[in-house]
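The structure appears below as structure tokens.
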Ligand code: FAD
Ligand code: DHB
């Protein structure tokens, strides 16, 4: 099998890249190890930055998002039983975010790819990327019990944190920057209308809590839990009781309860693999970097990477210059490190470490007070949350 761009992984990064390349008349093949239902139902991100929304629209993949997605013009910060709203458009010159689940982005892109795009093979597991430092990189993969080879001009590893693409970069050229956190997020989906019309990020002495949503009738909520927690040890009523405590306000706000339809625990880590390119192998999305979910940046970073790659390849095709392809890693890493910084700041602002002292608690409250009382501090948060424009 032969193609111009071999794409490993059909998460948001791989699927959007295939769409961008198809729109530019460049052929690709997508290899995805899981089946379609798994990819379409894996519960993950919920927030799309303004730039991501714009890219999906331009790619012709924004029709259902514009119909069913919920535009959000702010978030609420909750601490010391007080509520503070951050108004995005007022602070950023009109920017906002969209609540539209990653599952739905993937469903839309898969439907478009199958109808109009090149091959998208489910159940096709990449085993290794070979000859990445030559003009003819190859992906060895297994599909329907048979081993095969995909010959490419370029390979893009969009295969997430546990993928194989990264391992093709020699370790002596690689630097890894990593931090783990002593807590995770217990996430639930519940059949109950969201108790607030915008997201609520709550700092509490018992730990962080987040109220989000998937639709006007489905809530998505998260609780900070100790690292390694088994979701099954949390009964439904215990989850609601704990959420209620952490969201408690001095006014008459109430948390609505409903049937919990899904629960799982996500570990938290910060991770950056440098470089993001080796010869004709490019890494994009979670394959190259992970952020803790507090800033809602992971999916948006993946989008930034594949937009950068697609632009660079189109530039090479039109201008005959590989400059942008060669600059891919540096270009992406500038944005990646800004998101790492923001996600780390939001995480440490809102979570309670198991060994936190009273001093650290007071500092967190002072930082939150500062955001609530200084337009400069609040603007900094709003700009980073809604996302910096793509380069
Ligand atoms: P993935 O979505 O991980 O896709 C990689 C794909 O590659 C998978 O389909 C996998 O099956 C496939 N694959 C792996 N190995 C192979 C192989 N060997 N061969 C073939 N295929 C392979 N981000 C945000 O922007 N906003 C949020 O609000 C947000 N909230 C989050 C909440 C939670 C609870 C979690 C867990 C994450 C959240 N994120 C959020 C992060 C976001 O979900 C990820 O950053 C995003 O999925 C990255 O997309 P990706 O395409 O790079 O990787
Ligand atoms: C969601 C996830 C996040 O990480 C976040 O910061 C906001 C919302 C969500 O899944 O809805």
Going by the conditions given, is residue 160 in contact with a helix residue (DSSP H, G or I) (Cβ under 6 Å, 6 or more places away or on another chain) and within 23 Å of residue 310 (Cα to Cα)?
yes
Would you be able to tell me the number of residues in the stretch 3-26 that are outside any helix (DSSP H, G or I), touching a residue at least 40 places away in the same chain (Cβ under 8 Å) and either more than 13 Å from ligand 1 (Cβ to nearest atom) or surrounded by fewer than 24 Cβ atoms within 10 Å (Cβ to Cβ) (or both)?
5
Whether any residue in the stretch 39-50 is part of a loop (DSSP other than H, G, I, E, B), more than 13 Å from ligand 1 (Cβ to nearest atom), in contact (Cβ under 8 Å) with a residue 12 or more places away in the chain and touching a helix residue (DSSP H, G or I) at 6+ places or on another chain (Cβ under 6 Å) is what I want to check.
no
Restricting the stretch 223-247 to residues that are surrounded by 14 or more Cβ atoms within 10 Å (Cβ to Cβ) and part of a loop (DSSP other than H, G, I, E, B), the one farthest from the chain's Cα centre (by Cα) turns out to be 234
If you go through the stretch 199-222 one residue at a time, how many are within 22 Å of residue 365 (Cβ to Cβ) and either within 16 Å of ligand 1 (Cβ to nearest atom) or buried (at least 16 other Cβ atoms within 10 Å of the Cβ) (or both)?
12
Can you confirm whether the stretch 260-267 contains a residue that is under 24 Å from residue 15 (Cα atoms) and either within 15 Å of ligand 2 (Cβ to nearest atom) or more than 18 Å from the chain's Cα centre (by Cα) (or both)?
yes
Given (1) within 15 Å of ligand 1 (Cβ to nearest atom); (2) closer than 20 Å to residue 37 by Cβ; (3) surrounded by fewer than 20 Cβ atoms within 10 Å (Cβ to Cβ), where does residue 106 come up short, assuming only one miss?
(3)
Just checking, how many residues over the stretch 112-126 are at pLDDT 95 or above and surrounded by 14 or more Cβ atoms within 10 Å (Cβ to Cβ)?
10
Please pick out the residue among 272, 225, 291 that is within 21 Å of residue 354 (Cα to Cα) and in contact with a helix residue (DSSP H, G or I) (Cβ under 7 Å, 6 or more places away or on another chain).
291
Any chance the stretch 332-348 includes a residue that's under 20 Å from residue 129 (Cα atoms) and either without any contact (Cβ under 8 Å) to a residue 60 or more places away in the chain or surrounded by fewer than 23 Cβ atoms within 10 Å (Cβ to Cβ) (or both)?
no
For the stretch 1-29 the number of residues that are away from ligand 2 (no atom under 16 Å from the Cβ) and under 20 Å from the mean Cα position of the chain (by Cα) is 12
Going by the structure shown, is residue 172 surrounded by fewer than 18 Cβ atoms within 10 Å (Cβ to Cβ) and modelled with pLDDT of 95 or more?
yes
The stretch 168-200, subset under 30 Å from residue 6 (Cα atoms), outside any loop (DSSP other than H, G, I, E, B) and in contact (Cβ under 8 Å) with a residue 12 or more places away in the chain, residue farthest from ligand 2 (Cβ to nearest atom):
173
Could you say which residue among 214, 203, 254, 246 is out of contact with any strand residue (DSSP E or B) (no Cβ under 8 Å at 6 or more places or on another chain) and either at pLDDT 95 or above or within 15 Å of ligand 2 (Cβ to nearest atom) (or both)?
254
Of the candidates 283, 324, the one satisfying the condition of being closer than 15 Å to residue 159 by Cβ and either surrounded by fewer than 23 Cβ atoms within 10 Å (Cβ to Cβ) or within 16 Å of ligand 1 (Cβ to nearest atom) (or both) is 283
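The values are calculated or read from the model by the stated rules, or taken from the named source; none is laboratory data. These numbers come from a predicted model, not from an experiment. We place every Cβ from the backbone using ideal geometry, glycine too, and count neighbours over all the protein chains shown.
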